[in-house]
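Since the structure comes first, as C-alpha cells, the remarks are kept for the end.
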Amino acid sequence: MNGTAIDVKLKNGVPVALLRSVAQASGAALEWDGRSGTARIVFAGQLNVYGDTVSQLGECVIQNRFVPGDTIVFRMRATNALTGKVAEDAKLQVRLSTGEVLDMQLGNHSPDPQHPEMFWTAAYPVTDQTPKGTLAYSVTARTATAKGEFKPFNVLPSLLTIVSPDQAAGSESAAPTQGE
C-alpha cells in the first residue's frame with residue numbers, strides 16, 4: 001500500500017492484515033478506545049487551498065498587476081482534501097513579503113443566491129508607499145485538525161507586480177501591433 005509492504009496472513013482462507021499496518025501505510029494514525037474496544041483510523045487533516053487575485057476596480061477580472069490607488073482582492077477557497085467540502089471553520093491568512101498579515105473573511109460572493117459561491121476574501125490597498133516590483137505572498141489555512149497552504153507559481157503571470165502609474169500607462173501604449 002503506497003509503496004509499503006504489509007504483512008498479510010491467511011486465516012480460514014481469508015487474507016488478514018494488522019489494522020495498525022494498514023493505517024500507517026496509508027499515512028494515517030490508529031487510535032484505540034479501550035473502553036469500547038474499538039479502533040479508529042485518523043487521517044492527517046489536509047486542506048486544499050486555491051484562489052486568485054482581482055482588482056477592486058476591475059469587476060472581478062483576474063489580475064496580477066496593480067498601481068497605487070488600486071486594491072488587490074485576494075479570493076481563496078479551502079476545502080477538506082478527503083470530502084471536497086468547503087472548510088467553513090477554517091481561518092485563512094494572506095502573508096505578504098512586506099511582513100503584513102491579512103485575515104480573510106468567508107462569505108457568499110455569488111450573484112445568484114440559489115447557488116452560493118462561498119470563498120474567503122481580503123483586500124490590500126496599494127498606496128504610493130507600497131514597494132514597486134514583485135509582491136510575494138502565500139495563503140495559509142487552518143482548522144482545529146487540518147491545515148494547508150497556497151503559493152502562486154513562480155512565473156510572471158502568477159506573481160503580483162506593483163508598478164507606478166507611468167509604467168502601467170507605458171506598457172499599454174507599448175503593446176505590440178499586429179504582425180510584430
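Observations
- Answer from Ala136, Ala141 - the residue that is under 30 Å from Glu31 (Cβ atoms), surrounded by 13 or more Cβ atoms within 10 Å (Cβ to Cβ) and of a type in the set (A, V, I, L, M): Ala141
- Residue satisfying all of: in region 66-96; at pLDDT 95 or above and of a type in the set (Lys, Arg); farthest from Ala141 (Cα to Cα) among these: Arg75
- In region 152-167, the residues that are exposed (fewer than 13 other Cβ atoms within 10 Å of the Cβ) and within 30 Å of Asn80 (Cα to Cα): Phe153, Asn154, Val155, Leu156, Pro157, Ser158
- Region 21-47, subset open to solvent by 70 Å² or more (accessible area, probe 1.4 Å) and under 23 Å from Arg142 (Cβ atoms), residue modelled with the highest pLDDT: Gln46
- Checking each residue in region 52-76 for being open to solvent by 50 Å² or more (accessible area, probe 1.4 Å), farther than 13 Å from Val126 by Cβ and not in a loop (DSSP other than H, G, I, E, B) picks out only Ile62.
- Selection of region 83-132 for residues being within 15 Å of the chain's Cα centre (by Cα), without any contact (Cβ under 8 Å) to a residue 40 or more places away in the chain, assigned to a loop (DSSP other than H, G, I, E, B) and more than 30 Å from Val163 (Cα to Cα) yields Gly84, Lys85, Glu88.
The values are calculated or read from the model by the stated rules, or taken from the named source; none is laboratory data. Keep in mind it's a predicted model, so treat the numbers as computed, not measured. So basically every Cβ, Gly included, is an ideal-geometry build from the backbone, and we count neighbours across all protein chains shown. When the accessible area is computed, the model is the full protein with side chains, heavy atoms only, and any ligands, DNA or RNA have been set aside. Shrake-Rupley method; radii C 1.70, N 1.55, O 1.52, S 1.80 Å.
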